[in-house]
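Contents: one structure, followed by commentary.
Nothing in this text is a laboratory measurement; each read-out follows from the coordinates by a stated rule. Worth saying up front: this structure is predicted, and the values here are computed from it rather than measured. So basically every Cβ, Gly included, is an ideal-geometry build from the backbone, and we count neighbours across all protein chains shown.
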Amino acid sequence: MQNQHRNLIERLLSGDRRALARMVTLIENEVPGTRDSLAELHRHAGRAHIIGITGAPGVGKSTLVTQLTREFRRRERRVAVIAVDPTSPFSGGALLGDRIRMMELAGDPGVFIRSMASRGSLGGLSAATRDVVRAMDAAGYDPILIETVGTGQAEVEIMRAAHSVMVVCAPGLGDEVQALKAGILEIADLFVVSKKDKPGANQTAAELAMLLSLAPERRTAAWRIPIVLTSALKGEGIDQLVDALERHRHFLQESGLLQQRAQRQIRSEIEALILQKVLQHLGEEISPDEWQRLLSEISERARDPYSVARELEERLGLVR
Amino acid sequence: MATTRPIRVLVAKPGLDGHDRGAKVIARALRDAGMEVIYTGIRQTPEMIVEAAIQEDVDAILLSILSGAHMALFPRIMELLKQNGVTDVLVAAGGILPDEDIPAIKAMGIKGCFGPGTPIEQIIQFVRENIHPERLQVEV
Ligand code: B12
Ligand SMILES: Nc1nc2c(ncn2[C@@H]2O[C@H](COP(=O)(O)OP(=O)(O)O)[C@@H](O)[C@H]2O)c(=O)[nH]1
Ligand SMILES: [Mg+2]
């Protein structure tokens, strides 16, 4: 077992795509023992620029990812892509369709694309995404592009794993700008108005500029959030967008923010790991029956949540 | 060690074949059966399909073809899989596959051949039962 992990890591580090693909599967499925591999991979990671791409369905994220990848390839970078799509809450299955737009990249050995389903586990998805990024980073990919639909808390969490967050809007989708999630706005580093070949793109850009001017903390920041207009159809704006991303990376490095963000990330990662452990212990310490008894006592007002929590903390050895 | 997890499948349309209804029907049905389905879209070369299957680490590759070019495309796909050491992935095919070609297709290592009118339940069951069992153990 241990040896198999070692072998997999060695193959991954030497650029074997199948080893990376298998590592992602192990991470996604939380296979026991994978953490030891990740600990090893951590030592080889830390070089990649991690770029988050979010926005409503249909705004052109996957198309943009394809074009960005092509431009980064022209600049002789090896690119990895993680495309996240929602798991159906009814069946537990998922239709992962982002790859349709990216198939033209499939013949390029310098590109690695992986589709991931959200699998309904909030914290789980962002943790898994972070670990997949770690594996791709260790395998030498830089940048790593993460595409998600910017609808829920999980997406905001995933975007926190990115160094540069790009929010994509498209003209003609109604009050798209109004609908931007507050959480996403707070972490946006760049705005893209896609489909500038369509009418209304300038209007959408103007609305975004207005929105930004209303956010004083973003206005005064050292980084002025650019609004880049692109057309995948005509291949316009893509090199400007890559330039803007490179500028942002440079800015993060020079200002020390890159390290600060990375450290904040790692701290929350450690906290999440500990929390997960605590919950696991709690699950082992208290049987479903005992839970039921405690909950009944609390709802009958014989006991209260605070003293119960206190008692459980003691039993878990969290307080003396 | 054993972990249960969703089955991951690639639904692919090789060659210059625009008939994508069947592929889409299958993709949605497998999703509704709880699988994670990566759909490639139409006009895929064998190279693209095999590369996508590797990167996505899928349990099954489902080839849908109605153009008549299967005897040119399938051998290439099977050869590329072998070249890349992919030996534990189920490969199945469907669409317009004349009876006289089926023995040759099966001899290539392609497991099922499903023509027009195949009930979707039969396809779901076939995929579930023919995934290499060790893959679902998700070990190294
Ligand atoms: C609808 C149709 C079209 C539509 C396609 C629309 C679309 N976007 O899909 C249009 C009008 C565009 C079209 C065009 C053409 N068509 Co047409 N078309 C058909 C038709 C009537 C039905 C196909 C269909 O959609 N069926 C419904 C779906 C749900 O069924 P299915 O695809 O068969 O899938 C089922 C099973 O086969 C199976 N299955 C399919 N794939 C897979 C994969 C796996 C892994 C598994 C497990 C199962 C599985 O499961 C599905 C559910 O049961 C067939 C005739 C027929 N009866 O099949 C001809 C047919 C396929 N077409 C044919 C031809 C010749 C053409 C054209 C070349 C005509 C022309 N000269 O222009 C063009 C080519 C277009 C192109 N770019 O490829 C021929 C093919 C002949 C051959 N292979 O030898 C057929 C067989 C008609 C005929 N009898 O001549 N076509
Ligand atoms: N006119 C135009 N259409 C585009 C552009 N970019 C993407 N699209 C189309 O918008 C649709 C959705 O694109 P997709 O990349 O899948 O969006 P996603 O859901 O955000 O990933 C597709 O039909 C694309 O062809 C563009 O720059 N101009
Ligand atoms: Mg997409």
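Structure notes:
- Residue list for segment A:1-43, restricted to those being of a type in the set (K, R) and more than 9 Å from chain B (Cβ to nearest Cβ): A:R6, A:R11, A:R35, A:R43
- A count restricted to segment A:88-105 and to residues that are more than 7 Å from chain B (Cβ to nearest Cβ) and within 12 Å of ligand 2 (Cβ to nearest atom) stands at 3.
- Leading residue by the ranking (farthest from A:L282 (Cα to Cα)) among those in segment A:298-308 that are assigned to a helix (DSSP H, G or I) and in contact with a helix residue (DSSP H, G or I) (Cβ under 8 Å, 6 or more places away or on another chain): A:I298
- Criterion: within 18 Å of A:R99 (Cα to Cα), in contact (Cβ under 8 Å) with a residue 24 or more places away in the chain, of a type outside the set (K, R) and outside any helix (DSSP H, G or I) - qualifying residue of B:G41, B:G68: B:G41
- In segment B:89-139, residue farthest from ligand 1 (Cβ to nearest atom) [restricted to those that are within 14 Å of another protein chain (Cβ to nearest Cβ) and not in a helix (DSSP H, G or I)]: B:E139
- Options A:L68, A:L41: the member that is of a type outside the set (K, R), within 13 Å of ligand 2 (Cβ to nearest atom) and within 20 Å of the chain's Cα centre (by Cα): A:L68
- Test: residue in segment A:107-128 that is within 13 Å of another protein chain (Cβ to nearest Cβ) and within 16 Å of ligand 1 (Cβ to nearest atom): no
- Tabulated pairs, segment A:221-245, first closer than 11 Å to A:S194 by Cα, second basic (K, R), C-beta under 7 angstrom, 6+ apart or interchain: A:L229/A:K196; A:T230/A:K196; A:S231/A:K195; A:S231/A:K196; A:E236/A:K196; A:G237/A:K196
- Answer from A:E269, A:E311, A:E290 - the residue that is in contact (Cβ under 8 Å) with a residue 12 or more places away in the chain and in a helix (DSSP H, G or I): A:E269
- Residues in segment A:39-92 that are of a type in the set (D, E, K, R) and away from ligand 3 (no atom under 16 Å from the Cβ): A:E40, A:R43, A:R47, A:R70, A:E71, A:R73, A:R74, A:R75, A:E76, A:R77, A:R78.
- Meets criteria (within 8 Å of chain A (Cβ to nearest Cβ) and not aromatic (F, W, Y)) for B:D32: yes
- Candidates in segment B:50-67 are the residues that are more than 16 Å from ligand 3 (Cβ to nearest atom) and facing another protein chain (nearest Cβ under 8 Å); of these, the one that is farthest from A:G93 (Cα to Cα) is B:E51.
- Failed criterion for B:Y39 (all others in (1) closer than 17 Å to B:K111 by Cα; (2) within 9 Å of chain A (Cβ to nearest Cβ) hold): (1)
- Elements of the type helices (runs of 4 or more DSSP H) sitting completely within segment A:1-115 and holding at least 1 residues that are of a type outside the set (S, T, Y) and touching a Gly at 6+ places or on another chain (Cβ under 8 Å): these cover A:2-13, A:17-28, A:61-74, A:99-102.
- Condition met for A:Q253 (in a helix (DSSP H, G or I), among the polar types (S, T, N, Q) and farther than 18 Å from A:P143 by Cα): no
- Qualifying residue in segment B:80-88 (condition: away from chain A (no Cβ under 13 Å), touching a residue at least 12 places away in the same chain (Cβ under 8 Å) and either in a helix (DSSP H, G or I) or surrounded by fewer than 21 Cβ atoms within 10 Å (Cβ to Cβ) (or both)): no
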